[in-house]
Structures are given as structure tokens and as C-alpha cells.
Amino acid sequence: MYTIKRASEMVGVPVATLRAWQRRYRVVEPRRSDSGYRLYSAADIAKLRSMQALVASGWSPKEAAAVVSDDSDLKTERDDLERDQPPRSRSSPRASAQTLDLVAAAAALDPSAVTQLLDERFATGSFEHVVDGWLLPELDRLGMAWADGGVTVAGEHMAAGAVQRRLSAAFDAAALDGARSPLLLTGLPPGCRHELGILAFATAARRQGLAVVHLGSDLPLADWLTAAERHRPDAIVLAAPTPSDVAPVLEIIEGIATGRTLVAIGGRHQDEVVEATIRLGHPAALALGHTVSRAAALLRDRLGPGRT
């Protein structure tokens with residue numbers, strides 16, 4: 001029997017997503033320990049892994065739950081899956097989360113609404129799909145609302161904190177044995193605290209099979225150098241979301257970069273960092289790449305199979 005935290009790690013989705021799947025779709029019914037903790041069996045884990053695989057391939061959570069629960073109404077779709085056929089075209093789910101708004105929840109200083117929105121959104125698709133298609137554009141809207149005075153500093157911090165906790169949980173759940181995987185150092189230069197984009201990228205990179213050491217935001221140059229000496233990464237990934245980030249990013253690159261270290265850069269002002277090996281792209285939203293998943297895959301392909 002496994003705790004919900006361990007089940008989250010084994011399935012590869014955040015704890016909040018497991019709770020949402022259980023509450024909305026009853027795909028599994030974990031037992032309770034004498035202390036009241038949820039305990040998942042090996043059969044539960046197998047079902048949840050199957051559901052995650054379906055969701056990641058484009059199925060809605062409702063359809064995926066019906067398949068793994070052996071719903072006879074979806075037998076045709078289940079047979080297609082067993083024959084490695086793509087799922088049948090169906091209408092988009094009308095989840096209640098689609099009517100919720102992160103900016104409105106932040107403006108109302110309503111942490112419950114933010115939590116509900118994140119729970120339901122991350123239960124509707126794969127991590128990359130939700131981050132690329134909804135979260136990063138929504139965070140961009142939140143930043144503009146704060147700049148325009150529509151959201152207070154307190155509201156912006158509350159919402160951003162909730163998102164960071166959710167991304168951190170996904171990052172931890174994506175952990176793997178990276179002893180032979182290409183190793184990335186990800187983080188931000190000193191003075192930069194806009195961490196959500198780089199954290200989303202770090203999580204997507206882990207899910208692409210890369211080993212990632214995420215150093216966080218506002219890291220002094222000396223600590224970057226220490227981390228690089230300690231880990232000897234195959235690549236470092238930084239971001240320059242504001243003009244003031246360009247100079248400290250350049251200092252980090254000059255201090256760390258060697259012939260064997262790939263340097264990747266994202267953020268709105270990445271084009272000003274001419275020393276970067278790879279620019280990950282920057283659409284209108286906060287993303288570090290054209291999408292976080294494509295940027296992570298690009299870096300994985302450039303780095304090759306990993307260390308010997």
C-alpha cells in the first residue's frame with residue numbers, strides 16, 4: 001500500500017490531480033489507514049498510470065477514467081487504444097474550471113477559488129498541455145492586471161504562490177534516476193524573481209527524461225559558479241524576462257561556460273544574450289519556449305543520450 005505522496009510520484013501527476021480524479025471520476029477508491037491517510041494498492045497505481053497515459057495522449061480525464069474503470073460505453077475507444085489507434089474525435093469537455101478566471105480569483109483575494117481552478121485545470125490534460133495552453137497565458141494576463149491596478153500586490157502574490165506550489169509538486173513528481181541522463185542546471189540570475197516560467201520548463205525537462213537541478217530565483221553569481229563546479233552540468237538554462245536580467249545572465253555565462261557546456265536562454269529579452277548557444281523562443285506569454293515541452297525536447301535532442 002502506498003501513501004498519496006508516493007502514489008503521486010509513481011503515477012507522475014501532482015497530489016492535487018490524484019485527489020481531483022478521485023473526487024470527480026471515482027477511478028479508484030483508496031483505503032484509509034487507522035490514522036485516516038489514503039492508501040493506494042498496486043492495482044490502484046496501475047489504473048492511475050493507465051489514466052495518466054491516456055490523458056497525456058489527448059483523452060479527456062472523463063473518457064480516460066471510463067476506460068480504466070471498464071465502462072462498457074467506451075469499449076470501442078478502449079479497443080482502439082489496445083490497437084495503438086488514436087482516440088475518436090469527441091467534443092471538448094465543459095469542465096467547470098473553464099468558467100473560472102485566475103485574474104478574478106486573485107482580484108478577489110480568494111485562495112479557495114485559485115486552488116479549485118488549478119485542481120480542475122490540471123485534471124483536464126497533460127502537464128505540458130495545461131501549462132502551454134492555459135497557465136502561462138493566464139499568468140501573463142495576471143501580470144498585466146497587476147500592472148494596470150486591477151489586481152493588488154497581495155492578490156498577485158497569493159495567486160503566484162499557489163501556482164509555484166503546484167509547479168513544485170509537479171517537478172518533484174517527475175523525479176527520476178538521472179545518473180546517466182544529461183544534466184541541466186536551471187535557475188535565474190541575481191535580482192530576478194520571475195520564477196514560474198523557468199520552473200515550468202524545468203518540470204517539462206524532467207518529464208522529457210533529463211536530470212534537472214533547479215537552483216531557483218535570485219541566485220548570486222558566486223553560487224552559480226559553485227553549483228556549476230559541483231555538478232558539472234551538460235547544459236545550463238537561464239531566463240532574461242526583463243531588461244535588467246541581461247547583464248547578470250551574461251556574467252553567469254562568462255563565468256560558467258566551457259566547451260562542453262551548452263547554454264540555453266529563454267525569456268522576453270533572450271535575444272540580447274548573444275553568448276547563448278540556444279535560444280528557446282518567447283511567444284507573447286511567459287513561456288520559455290515556443291512551448292515548454294518543445295523547448296525541453298529540443299534541449300534533450302541536442303544533448304544526446306547522456307553520460308557514461
Karplus 3J(HN,Hα) series, Hz, for the range 214-229 with 6.51 cos²θ - 1.76 cosθ + 1.60 (x for Gly, Pro) | 9, 9, x, 9, 6, 9, x, 4, 4, 6, 4, 5, 5, 5, 5, 5
Ordering of 200-207, 265-272 by burial proxy (mean other Cβ atoms within 10 Å per residue, highest first) | 200-207, 265-272
Computed D for the range 147-252, Stokes-Einstein, Kirkwood radius over alpha-carbon pairs, 10 °C, 1.306 mPa s, to the nearest µm² per second, is 108 µm²/s
Give the accessible surface of the range 110-213 per residue, rounded to a whole number of Å², with probe radius 1.4 Å and ligands, DNA and RNA excluded.
-> 38 Å²
In whole percent, the fraction of accessible protein surface over the range 120-257 that belongs to carbon or sulfur atoms, probe radius 1.4 Å, stands at 52 percent
Protection proxy ranking, peptides 15-28, 219-232, average beta carbon neighbours within 10 Å, highest first = 15-28, 219-232
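The values are calculated or read from the model by the stated rules, or taken from the named source; none is laboratory data. None of these values were measured; they are calculated from a predicted model. Note that each Cβ is placed from the backbone with ideal geometry, even for glycine, and that neighbours are counted across all protein chains shown. Note: areas computed on protein heavy atoms with side chains; ligands, DNA, RNA excluded. Shrake-Rupley method; radii C 1.70, N 1.55, O 1.52, S 1.80 Å.
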